[in-house]
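Okay, so here's the structure we're looking at.
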There are 2 protein chains.
Amino acid sequence: MSAELPSPSAPALSGEAPWTVPASTPRTGAGRPSTALHTDRYELTMLQGALADGTADRHCVFEVFARRLPAGRRYGVVAGTGRALEAIAAFRFGDEELAYLSREQMVDRRTLDFLAGYRFNGSITGYAEGECFFPGSPVLSVEGTFAEAVVLETLVLSVLNYDSAVASAASRMTSAAVDRPCLEMGSRRAHEQAAVAAARAAAVAGFAGTSNLEAGRRYGLPTIGTAAHAYTLLHDDEETAFASQVASHGPGTTLLVDTYDVTRGVERAVAAAGTGLGAVRLDSGDLPTLAHEVRAQLDRLGATSTRIVVSSDLDEHAIAALAAAPVDSYGVGTSVVTGSGAPTCGMVYKLVAREGRDGTLEPVAKASGAKSSQGGRKVAARSLDQDGRAVEEVVVSGLDHAVTAWEPEREDLRGLHVPLVVEGAIDSRWTGAAGVTIAARRHEASREELPRGARRLSAGDPAIPTSGLVLPG
Amino acid sequence: MSAELPSPSAPALSGEAPWTVPASTPRTGAGRPSTALHTDRYELTMLQGALADGTADRHCVFEVFARRLPAGRRYGVVAGTGRALEAIAAFRFGDEELAYLSREQMVDRRTLDFLAGYRFNGSITGYAEGECFFPGSPVLSVEGTFAEAVVLETLVLSVLNYDSAVASAASRMTSAAVDRPCLEMGSRRAHEQAAVAAARAAAVAGFAGTSNLEAGRRYGLPTIGTAAHAYTLLHDDEETAFASQVASHGPGTTLLVDTYDVTRGVERAVAAAGTGLGAVRLDSGDLPTLAHEVRAQLDRLGATSTRIVVSSDLDEHAIAALAAAPVDSYGVGTSVVTGSGAPTCGMVYKLVAREGRDGTLEPVAKASGAKSSQGGRKVAARSLDQDGRAVEEVVVSGLDHAVTAWEPEREDLRGLHVPLVVEGAIDSRWTGAAGVTIAARRHEASREELPRGARRLSAGDPAIPTSGLVLPG
């Protein structure tokens, strides 16, 4: 087991744990937006029926998992957990939300009353954010009454499916980039709020910075960005534009050199900033060839420490193809915010166990042909060989108690479930900017632990198989 | 020209026009969130340089266009225009935003002062929301000073790229579904805020309803949804679950019949609700075959008016494949919210003209190899044959004045640009719920006008070519 691996349940539960919602979390009441209507109508329809027939109070376990990885992918990356917790904290039905439901006669009076007092008082465990996952991995487990757990389905899935899709793609990019920084610049190719989540998820997967200012503000991420072609075109000529940028931002700035002619652009850039020019950016053309030419030109001009940033429709394959080119960092846009061909994870939120008439918890599962699932409360562990290398994803069933504190007894198993919410109290250490930092460390360690083949970009099977382990009752 | 086509500039500009921001638009000050940091850092870096060297006040024209359609698509659909206008209204730098920029030393004092007073006072014209577009179509034109226009790049593109990607996919689905309603159920497969925009964009492209409650509340869309498999599994058996749902929601409800065995499920559904059962939903399996079997069974049971809703990983191709099956409506999830293989539109925001040193407006364009663009202020028209069928997308240049009121003089041309913002005043008729209704009407008429081949789902060229027309100066 790799020495860098923090214990999967770190940060540990303790009396000092900040079991509160961080100040930055949106909540209603203080004018912050409620997340309660980010919900599919059928959840409230089911709630009404269950409140009427008395099943609403049945203790339930819902599980989030993906049936498969996108075609050819070797692993997935859990991301969005911290955001999901923030969103659950803001899941409150205030006057506006209730007025809408009432006006539209969406649900009956009893259901409205229940929603008015809604607080999630159940417990949630799951994979630590940043952890790798595989087909069938039970990445999140939500326990509580049917009523309190069923209404979170859409919100939890929206967050995890998008953020994990981005992180899963981003991890392949940082892997391909090896030690060169990847910078997230894709905001314009995603919904404006999704863009903020994408910058955050990319950071979980090792991106070094983002162009998105809201992501910088909200999650403390480093932000980057200097100029677009518009800045050069605004000015009477390229010399004037470069001189203006250097005057305003100093010679350490990054000059975009491909508006007119790259060779002339590089020449003018060094003339404007001197050999201490921070970087040049190439945003079009045949990047491997251009990078070699520009590096040689910069060196000839004495700008040997001037870096080269490239940023034209890069994905993990383009990054890998630039490995031998003298490039210093990668600006990645469209492909990272759209999951590089897999814009959602396909995670589902399924009822896997519920209290029966006699009060005992029973496994349940859809039985008909397709889309069947495995019933029963489950946790997971990763089995490791003597070198600490991952061998199998082990889905553990047969538990007869809630799993907030489960740790495997076998030494070759690393437990994957950490407590996220305990009886309604959200562990705020997973949220906010600090949560992103913890998640990025977890991802780095988790990816490092995978078999070498896991980092290949070519299509293949999941890096490790998923197997089942039934605990002796 | 089709009789149903409203004038492209309708609703017409008039003295009574509500040139104000609607009450539902988020704004700062009233505790509503600012959109100002949904911005790439380089826009503020450029702003600082331009304020310092005096070019910030140069009059500029920025243009939004897509270089190409996703591979094989015949047309694209402009969506998000109303949302973009709402977002521009909320583009204000309040104390929190300024404090962040100042704390991080992102820009200098002069720039902070400019941002504190920022209001967009320029003008925007563009394609009416819902209009079809083609490669090179100048779908939006933003005129103002460099300073006020450059900072809107990311926000405008985020909105248009995502919403148009969804609407472009959704239009193929409603086209394939012909007269059967398509229902949007994909919230769980998209970022939670993107999901709301997706429901709205799907409505623009003709979807009849959405499962997303926030979209229902915000845009007045019809919402739909009854029960998931969890509801059946919660109960002791399927009979109890169906009886509970019928008791709570009446026999007109939709029962999900594929949790255990579809044939038994249908039998129990009719037993629970009677032959007046509203609908059954099939969410898995071989849908064309199942639909035929279930229809026959329902008819045998006397439930001849009970409808069949299908909802398992449908996209436009699956919908087309169900054309001959006895299906009454389509629930569409993943594929609509992720743009059915094209999750973003690739629209760009380019400076195409700017005031030179002598005060005249000059066309500008990136000149180096790839990603070059056509300079100059442009509008567009669609040329139509005698039957009102679209023949060409005509990009018109050579205008020597701002384009808020441009109408082609030739009878075979339908002007495509409508005024959206006039000297800072947003036309609120394009925003809110009313804007969605207008956009849906526009889309229906615009799609109807395309050549027949445009609606084929197979890969092909754009339905009409894009040509240029230079007005005599």
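The values are calculated or read from the model by the stated rules, or taken from the named source; none is laboratory data. The model shown is predicted, which means the values in this text are computed figures rather than measured ones. No Cβ is skipped: glycine too gets one built from the backbone with ideal geometry, and neighbour counts run over all protein chains shown.
Annotations
- Residue match in the stretch B:367-382 (condition: surrounded by fewer than 19 Cβ atoms within 10 Å (Cβ to Cβ), aliphatic (A, V, I, L, M) and within 9 Å of chain A (Cβ to nearest Cβ)): yes
- Selected residue (criterion: surrounded by the fewest Cβ atoms within 10 Å (Cβ to Cβ)) from residues of the stretch A:202-219 that are more than 10 Å from every other protein chain (Cβ to nearest Cβ) and touching a helix residue (DSSP H, G or I) at 6+ places or on another chain (Cβ under 7 Å): A:Gly206
- Among the residues of the stretch B:102-117, those that are surrounded by fewer than 16 Cβ atoms within 10 Å (Cβ to Cβ) and more than 13 Å from every other protein chain (Cβ to nearest Cβ) comprise B:Asp113, B:Ala116, B:Gly117.
- If you go through the stretch B:168-188 and pick out every residue that is among the hydrophobic types (A, V, I, L, M, F, W, C) and within 13 Å of chain A (Cβ to nearest Cβ), you end up with 3.
- Residue match in the stretch B:166-176 (condition: surrounded by fewer than 24 Cβ atoms within 10 Å (Cβ to Cβ), over 23 Å from B:Gly346 (Cβ atoms) and not assigned by TED's automatic domain parsing to the domain that holds B:Arg83): yes
- Matching residues, the stretch B:102-111, being assigned to a loop (DSSP other than H, G, I, E, B) and free of Cβ contacts under 8 Å to residues at least 40 places away in the same chain: B:Glu104, B:Gln105
- Options A:Ala325, A:Ala296: the member that is aliphatic (A, V, I, L, M) and free of Cβ contacts under 8 Å to residues at least 12 places away in the same chain: A:Ala296
- Taking the criterion of being at pLDDT 95 or above and over 15 Å from the mean Cα position of the chain (by Cα), the residues of the stretch B:70-93 that qualify are B:Pro70, B:Arg73, B:Arg74, B:Ile88, B:Ala89, B:Ala90, B:Phe91, B:Arg92, B:Phe93.
- Residue count for the stretch A:220-245 satisfying the condition of being surrounded by 21 or more Cβ atoms within 10 Å (Cβ to Cβ) and either farther than 17 Å from B:Leu47 by Cβ or more than 7 Å from chain B (Cβ to nearest Cβ) (or both): 5.
- Elements of type strands (runs of 3 or more DSSP E) contained in the stretch A:384-473, each with 1 or more residues being loosely packed, with under 14 Cβ neighbours inside 10 Å: A:466-470
- Filtered by the rule that a residue be within 14 Å of A:Ala325 (Cα to Cα) and either touching a residue at least 40 places away in the same chain (Cβ under 8 Å) or in contact with a His (Cβ under 8 Å, 6 or more places away or on another chain) (or both), the stretch A:282-293 gives a lone residue, A:Leu287.
- Picking from residues in the stretch A:62-101 that are closer than 18 Å to B:Ala215 by Cβ and part of a helix (DSSP H, G or I), the one that is nearest to the other protein chains (Cβ to nearest Cβ) is A:Tyr100.
Conditions tested, residue by residue: (1) more than 18 Å from B:Asp179 (Cβ to Cβ); (2) surrounded by fewer than 19 Cβ atoms within 10 Å (Cβ to Cβ); (3) at pLDDT below 95.
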position: B:Glu293; (1), (2), (3): yes, yes, no
position: B:Val310; (1), (2), (3): no, no, no
position: B:Ala324; (1), (2), (3): no, yes, no
position: B:Gly333; (1), (2), (3): yes, no, no
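- Options B:Leu277, B:Leu361; residue that is touching a helix residue (DSSP H, G or I) at 6+ places or on another chain (Cβ under 9 Å) and either of a type in the set (A, V, I, L, M) or closer than 30 Å to A:Ala228 by Cβ (or both): B:Leu277
Let's see how each residue does on (1) free of Cβ contacts under 8 Å to residues at least 40 places away in the same chain; (2) within 26 Å of B:Ser458 (Cα to Cα); (3) in a helix (DSSP H, G or I); (4) within 17 Å of the chain's Cα centre (by Cα):
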| residue | (1), (2), (3), (4) |
| --- | --- |
| B:Ile124 | no, no, no, no |
| B:Gly130 | no, yes, no, yes |
| B:Ser141 | no, no, no, no |
| B:Thr154 | no, no, yes, yes |
| B:Ala167 | no, yes, yes, yes |
| B:Ala170 | no, yes, yes, yes |
| B:Thr174 | yes, yes, yes, yes |
